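Okay, so here's the structure we're looking at.
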Amino acid sequence: MKLQAIALENFRNIALQEVRPKGCGVFFLGPNGQGKTNLLEALAYASILRSFRGGGPDALIRHGEKEAALRLELDHEVLGRTEVGIRIRPGGRSATCDGEPVRRLGEMLGRFPTVVLASGDILLVRGGPALRRRFLDLVLSSADHGYLAALQRYHRCLQERNAWLKGDRPRPGDAVAAAFEAQLIPAALAVTRKRKAGLVRLEASLGPLHLRFSPGVGPVGLRFLPDVAAETEEAYRELLEKSFERDRILRATRRGPHRDDFAFEIDGRPADEIASEGQQRGLVVALRFAELACLREATGIIPLILADDVLGELDPRRRALFWENLPGEAQVLATGTALPEGGLPAGHRLFEVREGRFEPANG
Amino acid sequence: MTPAFEALVQQLKRLPGLGYRSAERLALHLLVERPGRLPELIDALQVAASTIIRCPECGNLSEGGPCSLCADEARDASRLCFVEHVPDLLAIERSGAYRGFYHVLHGKLSPINQVGPEHLNLAGLDARLERMQPAEIILALPNDIEGEATCHYLKETHFDALISVTRIGFGLPSGGGVLYADAVTLKSALEGRRAYH
């Protein structure tokens, strides 16, 4: 997939701008706080309909305006030349694809894939499990709509079960709880099974990529840490029965895929403990490239690479490796406060960014 | 505006599907544009409120005693169709595809919305099933989590294991192709496929 143009209206600090990348890559150069990340955020928003920086739609609308709008022109492997429109209003958003409204926003996931490299990525290695679940959920939902459906079913059932636990005197074996558990259990098993298989695929791509970023360090592994080991409906039901008394006291379902995690390992040991700062940063860049490979394999679409000032955090050797290992056909849109040491790779356009305005600087 | 006008708008706004602007438009229509209609509307509301009850058999609308559908002896007593709300019953009736009896639950199980079995129209269900002895029960509840949970609950707590219980099909709309159907609908349609003769 190649971005031909993006137009932004009232998105964060950008009043009205159109950017036409024309080529295999773009570098947005400018001091901090000028709007470079906002443009990458807009592109990622069109892909996953949420901000990679977190927060709701309200924060994305320019101060004092009623709504923000995005329009993307893409050359797409499956859909050909396509126009995507997004409108963001306080408390909601809507999307169109070639003028047709997108009825289920979940359908957008995976259709216009992007891979975001951001400075917070290092927290995937050393931060809490919620970040890793969010990463895995986004990759797998984009690669497999069956995963998204199972995940949504699981969370809805979980909310209903938790509401039941908070109600009047929940009893073990209650028919209402059983009615929701009958759907919760297969959804939970499907989510766990797909996470396990997804991590195997990611790990297979990650291994060789990681070796390039940290030669001689390895092998790297992604160890799935499911909260529930049960593989059959009967075993899962037994676990819920066993946990009932504690769930009743806590008034919430304690066990389940909502507490899954996975760990990065190097030589079978936890990467957050044994890997250096540079190795960890190399590892998350390699993980993003592995994400790209998985999305490409699952959807047949080459994602856009959105690199948000990550190069400034890599050491010079890994910075050079980043540019060398970029998948050839992928279009990369990168930001930075300074140009790469070796200059821009051939074919890349340079835009200078000041106060929400993007000016082409190399023709 | 006046306090009485504002009170009326607030009452109208509480009705399903009406926002503040629609409620204000209705109030102005009734009070200013067509004040002559107001006594008729008040009269109709009072008559409806004093005469319309839930059918003691199925939960449909009725004016005392069984509703017109339950009283219709020409209907097929071997089939009983469960629906969530009265408008669902009306929609199936309009289709002309079904001639059996109905049971309106007036809701679906949802602990989040504080709807438990005691809030559904289940009080006389066991006795009704005993009287009717239907050969088939059709579950025409929505195929969301709460609809499915309600089907599961009914089957486990109220239906005799010998009764044939069926679920209505979910899939493509008639006259529609697969091209514009969303992934969830297509999945339902494929799962619900049947032999082609």
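The values are calculated or read from the model by the stated rules, or taken from the named source; none is laboratory data. For clarity, every value in this text was computed on a predicted model and none was experimentally measured. Because the Cβ atoms are built from the backbone with ideal geometry, glycine has one as well, and the counts that use them run over all protein chains shown. Calculation scope for accessible area: heavy atoms of the full protein, side chains included, ligands and nucleic acids excluded. Shrake-Rupley method; radii C 1.70, N 1.55, O 1.52, S 1.80 Å.
Before moving on, here are some points about what is shown:
- Considering only B:Y102, B:F159, B:A123, the residue lying farthest towards the positive end of the dipole of the range B:73-195 is B:Y102, judged by Cα position with unit charges set on Cβ.
- Solvent-accessible surface of protein heavy atoms, probed at 1.4 angstrom with all chains present, puts A:D174, A:D309, A:D98 in the order A:D98, A:D309, A:D174, largest first.
- Cα gyration tensor category, rounded, prolate or oblate, for the protein assembly as shown with a/c compared to 1.5: prolate
- Loss of accessible area when B meets A, both sides summed, Å² nearest 100, probe 1.4 Å: 1600
- Put a dot 7 Å past the Cα of A:R251, heading toward its Cβ, do the same for B:V32, and the two dots end up 4.8 nm apart.
- Solvent-accessible area of B:T185, all protein chains in place: 30 Å² (probe radius 1.4 Å, heavy atoms, ligands and nucleic acids excluded).
- 27 Å Cα-Cα reach of A:K2 towards lysines, excluding residues that sit fewer than 8 places from it in its own chain: A:K22, A:K36
- Treating r as the C-beta distance of A:A338 and A:E77 and R0 as 41 Å, the FRET efficiency rounds to 0.75.
- Charge-dipole axis of chain A as Lys and Arg at +1 and Asp and Glu at -1 on Cβ define it, positive-most pick from A:A271, A:L184, A:P340: A:L184
- Spatially proximal aspartates and glutamates relative to A:K66 (Cα-Cα < 18 Å; intrachain offsets below 8 disregarded): A:E9, A:D58
- Axis of helix A:316-325 versus longest Cα principal axis of chain A: the two differ by about 80°, to the nearest ten degrees.
- Simple point charges give the picture: +1 on the Cβ of Lys and Arg, -1 on the Cβ of Asp and Glu, and for the range A:215-335 a dipole about the Cα centre of about 200 debye.
- For chain A, accessible area per residue (1.4 Å probe, heavy atoms of protein chains only), Å²: 44
- Tilt relative to chain A, helix A:233-250 - C-alpha long axis, 0 to 90 degrees, to 10: 90
- Cα gyration tensor, chain B - rounded (a/c under 1.5), prolate or oblate: prolate
- The long axis of helix A:175-213 is offset from the longest Cα principal axis of chain A by roughly 40 degrees.
- Cα lying deepest toward the dipole's positive end in the range A:37-105, options A:L70, A:G85, A:G54, charges on Cβ: A:G54
- Taking label points 7 Å from Cα along the Cα-to-Cβ direction, A:E238 and B:A4 give a separation of 7.2 nm.
- Eligible lysines near B:K108 by straight Cα distance, threshold 27 Å, same-chain separation 8 or greater: A:K166, B:K13, B:K155, B:K187
- The Cα atoms of the range B:84-157 give a gyration tensor whose axes a ≥ b ≥ c have a/c of 1.5 or more with a/b no greater than b/c, which makes the shape oblate.
- Dipole magnitude for the protein assembly as shown: about 700 debye, using +1 per Lys or Arg Cβ and -1 per Asp or Glu Cβ, origin at the Cα centre.
- Rounded to the nearest 10 square angstrom, B:V165 shows an accessible area of 50 square angstrom against a 1.4 Å probe.
- With the simple model of a label 7 Å out from the Cα in the direction of the Cβ, A:A59 to B:R193 spans 4.5 nm.
- Of all accessible heavy-atom area on the range B:73-195, the percent that carbon and sulfur account for (1.4 Å): 54
- For the segment A:172-178, counting C-beta atoms of other chains within 10 Å of every residue's C-beta and taking the mean gives 4.
- For the range B:93-139, a drop of 40 Å² or more in accessible area on going from the chain alone to the assembled protein chains (1.4 Å probe) is found at B:P111, B:I112.
- Shielding of A:159-170 by partner chains, average beta-carbon count, 10 Å: 3
- For the range B:73-195, the Cβ-based charge dipole about the Cα centre amounts to some 380 debye (Lys, Arg positive; Asp, Glu negative; other atoms uncharged).
- Accessible area, probe 1.4 Å, largest first, for residues B:Y180, B:Y98: B:Y180, B:Y98
- Residues A:E313, B:E146, ordered by accessible area of protein heavy atoms at a 1.4 angstrom probe radius and largest first, appear as A:E313, B:E146.
- Förster radius 35 Å - calculated FRET efficiency between B:N143 and B:S50, Cβ distance, rounded to 0.05: 0.40
- Rolling a 1.4 Å probe over the heavy atoms of the protein chains gives the range B:73-195 an accessible area of 56 Å² per residue.
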